[in-house]
Amino acid sequence: MRSKYRPDIDGLRAIAVIAVLAFHAFPTFAESGFVGVDIFFVISGYLISTIIVQALEDGTFTFREFYARRIRRILPALNLILIFTYILGWWVLLAEEFKQLSKHILSSVVFVSNFVLRNDLGYFDNSAESKPLLHLWSLAIEEQFYLIWPFLLWVAWKRKFNLLGVAFSLGLLSLILSVVGTHKYPQATFYFPHTRCWELLFGSVLAISFFYKGPTLKLLTDKKYYNSISFLGAGILIFGFWIIRRDFDFPGVWAFFPVVGTTLIIASGPQAWLNRVVLSNRVLVYVGLISFPLYLWHWPLLSFARITTAPNINTRIFLVVLSFILAGITHVLLERPIRYGPKNKLTVSVLALVSIFIGAIGYFTFYRNGLELRSANHVLAINNEQLGWKFLVSPGCHEKLGTNSSFCLELGNQSNQKLAILGDSSGNSLAPGLASIYSKQGYGIVNFGAPTCPPIRGLIDSRYWKQNNCLSIIERSYQQVLESKTIDTVVLAIFTRDLNRWGIPGAENASLEEKFSVVAQLLDKQIADLKRHEKKVIVTYDVPLSPKHARDCLERQLPFIKSTKCNVNENQLIERHPNLDLFDGYFKMRKDVCIVRQSEILIKGGKLQFFDEKGILIMRDTHHLTVHGSDLIAQLFLKTGCLTGL
C-alpha cells in the first residue's frame with residue numbers, strides 16, 4: 001500500500017508546537033504546554049514507522065536512503081540554529097555560559113543532548129532559562145529512536161517476526177519503566193530514551209496496524225465510528241492540557257493523556273470531521289509545515305532575551321512573532337529546497353560536513369573554557385571568574401570524614417586545624433574567606449555539609465535529603481569536631497528558609513512555630529554539648545534568598561541590549577519571614593554564642609547587594625557568596641570579634 005499525505009497530521013503538529021511556544025513564552029498562562037512534545041513523539045513514531053514498513057513491504061528499504069532522508073530533513077535547520085546560537089553566544093555569554101553552550105552544541109551535533117542536559121542537573125547548575133539549546137533534548141530522543149528502531153524493524157521483518165507484537169512489547173516495557181522511574185528517578189526518566197520511547201512506539205503500533213488491519217483498526221476507521229474516535233481523542237488531549245501541570249510526576253501515567261489522545265486522532269483518519277475541517281485548516285497546516293524550524297528558533301530567542309534582560313510580555317510576544325517569521329524564511333529558503341530538491345550525495349555530504357565542523361568548533365570552545373579572552377571588559381572578566389566555584393571536596397576528605405558529602409574541605413594547615421564550618425551550602429560559601437584568614441596565621445579549617453542540610457543533630461530523614469546523605473553527614477561531622485584536639489571554634493551555618501524542608505521529629509504536620517520549638521530544643525542540647533567540649537560556637541543564619549540570579553545583574557557586551565540591573569528590595573526576598581524572625585528571637589536570648597549577621601554586608605538601604613562598591617560580585621547566584629564575597633564576610637567575622645586567638 002502507498003501512504004498519502006495527511007494535512008490533519010500537520011495540523012496536529014501545529015497544535016503541538018503552539019503549545020510548546022506558549023509554555024515557554026507565557027508559562028503561567030500555558031502551564032501544560034510542554035506536553036506538546038509528547039504529541040510530537042507520537043506523530044514521529046507514526047510517520048517514521050509508516051515510511052519504514054512501507055519501504056520494507058515494497059522491497060525498497062535501505063539504511064543509506066533512510067538516513068540520507070533524515071539528514072536532509074533535520075540538518076539544514078539544525079545547523080543554522082547551532083551557528084546562530086554560537087554567534088550570538090559569542091557576544092552575549094560569559095565564559096562559563098559560553099563553555100556550557102559549546103558543550104550543548106557538540107552534544108546536539110551527535111544527538112546526545114538529553115544525556116548531557118541530564119548530567120548538567122546539579123545544585124549549582126545554571127537555570128533552564130539560561131540554556132539556549134535546552135529544547136534539543138527532545139530532538140535527541142527522536143534521533144536515538146531513529147538510530148535503533150529501523151534496525152529492529154528490519155531484523156524483525158527479515159526473520160518474519162510479528163512487527164506489531166515487537167512494537168507493542170517494546171512499548172509496554174518502556175511504559176512500565178517510565179511509570180516506575182517517574183517516581184524513583186524523575187529527572188532521568190524525563191530525559192532518557194528508554195523511558196520516553198513508548199510514546200513514539202504508540203505511533204509505531206498504529207502505523208504497523210494499518211498494514212495488518214484487524215478488528216480493532218476496522219472499528220476505529222469505520223465510517224460509523226471515526227468521528228466519535230476523533231472527538232474522543234481530542235477530548236482526552238484537551239483534558240490533558242487542562243489538568244497536567246509542570247510540578248506533576250511526568251511523564252509516567254500523566255503522559256497517557258497527550259499520547260492516547262494523539263493516537264486516537266491519527267487513527268480516526270483524514271476523513272473524520274475534526275481532522276478534515278479543523279486540523280486540515282490552511283493556517284494550522286502551514287504552522288505544521290514550519291513546525292520544526294519554529295520549534296528550533298523560538299527557544300534560543302527567548303533564552304537569550306532572558307539572559308540579557310527581563311523580557312516583559314510585549315517583548316515575549318515580539319519574539320514569538322519573530323520566531324514565526326524566521327521559521328517561515330528557513331522553511332522556504334533552506335528546508336524545502338534541500339528536502340525536496342535534487343537527491344544527490346553531495347547535498348548529504350555537505351550537510352554532514354557542516355555539522356561536523358560545527359561540532360568541532362563546539363569542542364574547541366569547550367576545551368578552551370569558553371574563550372575567556374572574548375571579554376574586553378576587565379570588571380566583566382573578573383566577575384566571570386567570580387561566578388565559578390571550586391571549593392567542594394578536598395582529596396582524601398571523604399575517607400577522613402567516613403561518609404560521602406557534597407562539601408568536604410580541608411583548607412590551610414591540615415596538621416593544625418582550628419575552625420570547623422558545619423552546615424548547608426551557605427556554610428560552604430564561607431570556607432575560602434575564613435580559610436584565607438586562618439592560613440595567614442598558620443592554621444587550617446574544615447568544612448562539612450550538604451545542600452539543605454542544617455548542622456543540627458537529632459533531626460530525622462526528609463524527602464529533600466534523599467540524595468545527599470544528610471543525617472550521616474551531620475553525625476560524622478560532629479564526631480570529627482568533638483574528637484579533634486585542635487579545633488576550638490565551630491561555625492554553624494543555617495539557611496533559615498529551609499526550615500520547612502527539614503525532617504523534624506514529631507512535627508511532620510505541625511505549624512512553623514511548633515517545628516521551630518523542636519529545633520530550638522535540639523539547638524539547646526547541641527550548643528551545650530559543644531561548650532562541654534570547650535568549643536566556641538559561632539552562628540550565622542540570615543543569608544537572603546533572591547528572586548534574581550547574580551548572573552542576570554551583569555552587563556552584557558551587546559551594544560543594542562541593555563541588561564536589566566538587579567534591584568531587589570528586602571521585602572522581595574523569598575521566604576525570609578517568619579523563619580528569620582523565629583531564629584532571631586531564639587539567638588537574642590543566647591549569650592553563649594557569637595552571632596554573625598551577613599545582612600550587614602548583603603543588605604544595605606533595604607536592598608540586596610550583588611556587588612561591592614567597585615562593581616565586583618559578592619554573590620554568585622541567588623544566595624551563595626562569590627570568593628570575593630566570602631572574603632568580605634570573613635572580615636565581618638573578624639570585625640564582630642567572633643574569631644579569637646588570631
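LYS440 to LYS604: extension gain in nm, 0.36 nm per residue of separation minus the Cα-Cα distance? Can you show the working numbers first?
Numbers: separation 164, 0.36 × 164 = 59.04 nm, distance 2.99 nm.
Computed gain between LYS440 and LYS604 is 56.1 nm.
Straight-line reach from LYS158: which aspartates and glutamates fall under 19 Å, measuring Cα to Cα and dropping same-chain residues less than 8 apart?
Partners within reach: GLU57, ASP58, GLU65.
Given 10 °C and 1.306 mPa s, how large is the Stokes-Einstein diffusion coefficient of the stretch 1-67 in µm²/s, with Rh as the Kirkwood radius over Cα pairs?
Values: Rh = 13.6 Å.
The calculation lands on 116 µm²/s.
Using all C-alpha to C-alpha distances in the stretch 282-340, build P(r) with 10 Å bins and read off the rounded percent in each one.
Over the stretch 282-340, the share of Cα pairs per 10 Å bin runs 23, 46, 23, 7, 0 percent.
Could you work out the local net charge near LEU608, counting Lys and Arg as +1, Asp and Glu as -1, over the other residues with Cβ closer than 11 Å to its Cβ?
Values: positive: LYS548, ARG576, LYS604, LYS607; negative: GLU570.
In short, +3.
How many percent of the alpha carbon pairs in the stretch 335-484 exceed a separation of 25 Å?
Details: 5929 of 11175 pairs.
Percent of Cα pairs beyond 25 Å in the stretch 335-484: 53.
Peptides 424-433, 80-89: what's the order by average Cβ count within 10 Å, highest mean first? Provide the component values of the computation, followed by the final result.
On the way: 424-433: 25.3, 80-89: 20.2.
Packing proxy ranking, top to bottom: 424-433, 80-89.
Residues with amide H under 5 Å of ILE504's amide H, sequence separation 5 or more or different chain, H placed in the peptide plane at 1.01 Å from N; which?
For ILE504, whose amide H was placed from the backbone, the distant partners under 5 Å are ILE460.
When every alpha-carbon pair in the stretch 70-109 is counted, what percent end up more than 11 Å apart? Before the final figure, lay out each step's value.
Details: 490 of 780 pairs.
The proportion of pairs with Cα distances above 11 Å equals 63 percent.
Set the Förster radius R0 to 60 Å, insert the Cβ-Cβ distance between PHE29 and ASN416 as r into 1/(1 + (r/R0)^6), and round the FRET efficiency to 0.05. Write down the numbers at each step before the final one.
Values: r = 60 Å, r/R0 = 0.99.
That gives a FRET efficiency of 0.50.
Please find the FRET efficiency linking VAL350 to ARG282, where r is the Cβ-Cβ separation and R0 is fixed at 25 Å, and quote it to the nearest 0.05.
Details: r = 34 Å, r/R0 = 1.34.
That gives a FRET efficiency of 0.15.
Give me the percent relative contact order of the chain, please, defined on Cα pairs under 8 angstrom at least 6 residues apart. Intermediate values should be presented prior to the final figure.
Details: 1036 pairs, mean separation 96.6, N = 646.
Relative CO of the chain lands at 15 percent.
Can you give me the P(r) profile for the stretch 494-641? Cα pairs, bins 10 angstrom wide beginning at 0, each as a whole percent.
Going from the shortest bin to the longest, the percentages are 10, 34, 32, 17, 5, 2, 0.
How many angstrom lie between the C-alpha centres of the stretch 57-111 and the stretch 581-627?
Taking the Cα centre of each part, the stretch 57-111 and the stretch 581-627 sit 45 Å apart.
So what's the angle, to the nearest 10 degrees on a 0 to 90 scale, between helix 197-209 and the longest Cα principal axis of the chain?
Long axis of 197-209 versus the principal axis of the chain: about 10 degrees.
Just add up the charged neighbours of PHE516: K/R +1, D/E -1, any other residue whose Cβ is under 12 Å from the Cβ of PHE516. Write down the numbers at each step before the final one.
On the way: positive: LYS515; negative: GLU513, GLU514, ASP581, ASP584.
Neighbourhood net charge equals -3.
For the stretch 519-533 and the stretch 402-450, compute the distance between their C-alpha centroids and round to whole Å.
If you average the Cα positions of each part, the centres end up 21 Å apart.
If the chain between PHE231 and HIS533 were fully stretched, how many nm would it gain, using 0.36 nm times the residue separation less the Cα-Cα distance? Provide the component values of the computation, followed by the final result.
Working: separation 302, 0.36 × 302 = 108.72 nm, distance 7.35 nm.
That pair, PHE231 and HIS533, stretches by 101.4 nm at full extension.
By how many degrees, between 0 and 90 and to the nearest 10, does the Cα long axis of helix 345-367 differ from the longest principal axis of the chain?
On a 0 to 90 degree scale, this one is about 0.
Over the stretch 242-399, what lengths in whole Å, largest first, do the semi-axes of the equivalent ellipsoid take, defined as the square roots of 5 times the eigenvalues of the alpha-carbon gyration tensor? If you can, show how the numbers build up before the last one.
Working: eigenvalues 317, 140, 83 Å².
Value: 40, 26, 20 Å, ordered largest first.
From the phi of every residue in the stretch 329-337, what ³J(HN,Hα) in whole Hz does the Karplus formula 6.51 cos²θ - 1.76 cosθ + 1.60 yield, where θ is phi - 60° and glycine or proline is x?
In residue order, the calculated couplings are 5, 4, 5, 6, 8, 10, 4, 4, x Hz.
Beyond 18 Å between alpha-carbons counts as too far, so tell me which of LYS99/LYS390; LYS548/LYS614; LYS418/LYS531; LYS418/LYS591 fall in that bin.
Values: LYS99/LYS390 16 Å; LYS548/LYS614 21 Å; LYS418/LYS531 15 Å; LYS418/LYS591 22 Å.
Violating the 18 Å Cα-Cα cut-off are LYS548/LYS614; LYS418/LYS591.
I want to check the label-to-label distance for HIS398 and LEU172. Put each point 7 Å from Cα in the C-beta direction and report it in nm to one decimal.
With each label placed 7 Å out from Cα toward Cβ, I get 4.1 nm.
Could you pull out every one of the aspartates and glutamates with an alpha carbon less than 14 Å from that of LYS184, ignoring same-chain neighbours closer than 8 positions?
Qualifying aspartates and glutamates at Cα under 14 Å: ASP249.
I need the semi-axes of the equivalent ellipsoid of the stretch 131-259: take the C-alpha gyration tensor, multiply each eigenvalue by 5, square-root it, list largest first in whole angstrom. Show your work: numbers first, answer last.
Working: eigenvalues 136, 100, 32 Å².
That gives 26, 22, 13 Å for the three semi-axes.
Tally Lys/Arg at +1 and Asp/Glu at -1 over every other residue whose Cβ is under 10 Å from the Cβ of ASP488; what's the total?
Details: positive: LYS418, LYS485, LYS535, LYS536; negative: GLU534.
Charge balance in the 10 Å sphere: +3.
Can you order the peptides 103-116, 141-154 by their average number of other Cβ atoms within 10 Å per residue, highest first?
Working: 103-116: 21.8, 141-154: 18.9.
Output ranking for 103-116, 141-154: 103-116, 141-154.
Could you look at the stretch 242-334 and say what percent of its accessible area is carbon and sulfur, using a 1.4 Å probe and all protein chains? Working shown, then result.
Details: 2790 of 3910 Å².
Roughly 71 percent of what the probe reaches on the stretch 242-334 is carbon or sulfur.
The values are calculated or read from the model by the stated rules, or taken from the named source; none is laboratory data. Computed from a prediction, not measured in an experiment: that's the story for all the values here. No Cβ is skipped: glycine too gets one built from the backbone with ideal geometry, and neighbour counts run over all protein chains shown. Ligands, DNA and RNA are excluded from the accessible area calculation, which covers all protein heavy atoms including side chains. Shrake-Rupley method; radii C 1.70, N 1.55, O 1.52, S 1.80 Å.
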